[in-house]
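The values are calculated or read from the model by the stated rules, or taken from the named source; none is laboratory data. Just so it is clear, the model here is predicted, and its values are computed rather than measured. Note: ideal-geometry Cβ built from the backbone for every residue, glycine included; neighbour counts use all protein chains shown.
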Amino acid sequence: MRLKIFEHILYSSLRPWKQETLNERDYNLFLRTSGFTTQKNSINEFKTALNSIFPKDSFTKDDDFDLYELNNAADRINIVSPLIHIELPKAQNTKCRFYFYLITNEVTRLSDLLYQLYSGPASQSDKTYDINNVLGQIKNLIKETSKEYQEGNHNEESIYILQILRLSLVRFLLEVENLFSDIIKSPLTTDEELHFDLLNEDVPEEQIYTLTNTLTSITSSFEEMENENLTPSNKLSFNFNGDKTRLLNVVTQLNNQIELLNEDVTTPQQMVDVLTARELNQTLPKVQFNTETTQIRYVFDKLNPSFSNLTFALIVRCGLFYTKGKKEQITRTNLSSSKNPNPKNKEIIDEIFRSL
């Protein structure tokens, strides 16, 4: 899946500083195309508008997978508006208005496209590959757009369009990271990385973006969707497929060396009893952790190959796992937002798991 619209704006046929054949009448005509600026039912109307405006180009005709048909997207939640809010400057003329809607609606279309992939029947490996591939493209395009914005010799019109492009790409980056944090392989982007490494600027005093209620609603729906997909046969157990003695040895070592558990509440044997239980229910002991959430997530990731059903949905649904400090039940958000390939005591954890 290529981010063709953005690539063409930066490198090819849609470069605003090379648009010598189009005039204000053309841009007005484009803006009046049904579905281009606003959509009545779904962002797919914008896709139809693009194909009408650019009939000879293949901006949307080949997204590597036609998810709107493959995943019956009409039966799912459709993303039709920004999930991350970033204040954008207003367009001052018709050409700038055209590019404003072209860029911002394309971000919405692509976020929706990835959401249909994530919530559809594609394999986990395909979802992980495609979403991480897109994430890499976004980061590269932010860097390249920022370079052109800061170093290019452009008029005010082109500078405005490049600013809309780079801020909208930031929005796309943050939407992808917030929607699909559980399968993203790299650490989530920090403010320092966003501004220093990608935008090539100082970190502002205030954060430039806010999360919308729509984003919160969609991420909450993921947990509900996972729960609905659990069948009666696998709702009851994490389905451990290894050696219980080795598992107990691993949990005990983790507890001794990184203080994994709050021993006032949970012993290593009790955690193993929960992990290997044939039926998860409230008669089982509570597992109270005593480490950072990033370490908990990393430990679950390391445990995962020894189970066939150690999912976020079931970890949360069984109601047996509690965080450090406030002693609240672990949530999907706790786990998905805490992915870190280099948590505290990583080397110790890796060495312990070599015995599992």
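Checked against (1) on the phi > 0 side of the Ramachandran plot; (2) touching a helix residue (DSSP H, G or I) at 6+ places or on another chain (Cβ under 8 Å), Gln257 passes all but condition (1).
Within region 246-300, being surrounded by fewer than 18 Cβ atoms within 10 Å (Cβ to Cβ) and under 28 Å from Ser186 (Cα atoms) holds for Gln257, Glu259.
Filtered by the rule that a residue be surrounded by fewer than 17 Cβ atoms within 10 Å (Cβ to Cβ) and at pLDDT 95 or above, region 159-194 gives Ile159, Gln163.
Please go through region 320-343 and give me each residue that is modelled with pLDDT of 90 or more and either among the hydroxyl-bearing types (Ser, Thr, Tyr) or more than 21 Å from Ile258 (Cβ to Cβ) (or both), ordered by number. Residues satisfying the conditions are Tyr322, Thr323.
Among the residues of region 1-32, which ones are basic (Lys, Arg), farther than 24 Å from Leu141 by Cβ and outside any helix (DSSP H, G or I)? Steps first, answer last, please.
Kept after step one, since they are basic (Lys, Arg), are these residues of region 1-32: 2, 4, 15, 18, 25, 32.
Among the residues that remain, those that are also farther than 24 Å from Leu141 by Cβ are: 25, 32.
Arg32 - this is the single residue of region 1-32 that is basic (Lys, Arg), farther than 24 Å from Leu141 by Cβ and outside any helix (DSSP H, G or I).
Residue pairs whose Cβ atoms lie under 6 Å apart, sitting 6 or more positions apart in sequence or on different chains, and linking a residue in region 86-109 that is assigned to a loop (DSSP other than H, G, I, E, B) to a partner that is of a type outside the set (A, V, I, L, M), are Ala91/Arg97; Ala91/Phe100.
For region 181-217, the set of residues classified as closer than 16 Å to Leu114 by Cβ, in a loop (DSSP other than H, G, I, E, B) and touching a strand residue (DSSP E or B) at 6+ places or on another chain (Cβ under 9 Å) is empty. For region 332-348, the count of residues that are in contact with a strand residue (DSSP E or B) (Cβ under 6 Å, 6 or more places away or on another chain) and charged (D, E, K, R) is zero.
Tallying residues that are under 24 Å from Ser336 (Cα atoms), among the hydrophobic types (A, V, I, L, M, F, W, C) and part of a helix (DSSP H, G or I) within region 121-180 yields 11. Residue count for region 302-339 under the criterion of being buried (at least 18 other Cβ atoms within 10 Å of the Cβ) and acidic (Asp, Glu): the result is 0.
Here the condition is being among the hydroxyl-bearing types (Ser, Thr, Tyr) and buried (at least 19 other Cβ atoms within 10 Å of the Cβ); of Ser125, Ser146, it holds for Ser146 alone.
Picking from residues in region 38-56 that are under 25 Å from the mean Cα position of the chain (by Cα) and assigned to a loop (DSSP other than H, G, I, E, B), the one that is surrounded by the most Cβ atoms within 10 Å (Cβ to Cβ) is Ile43.
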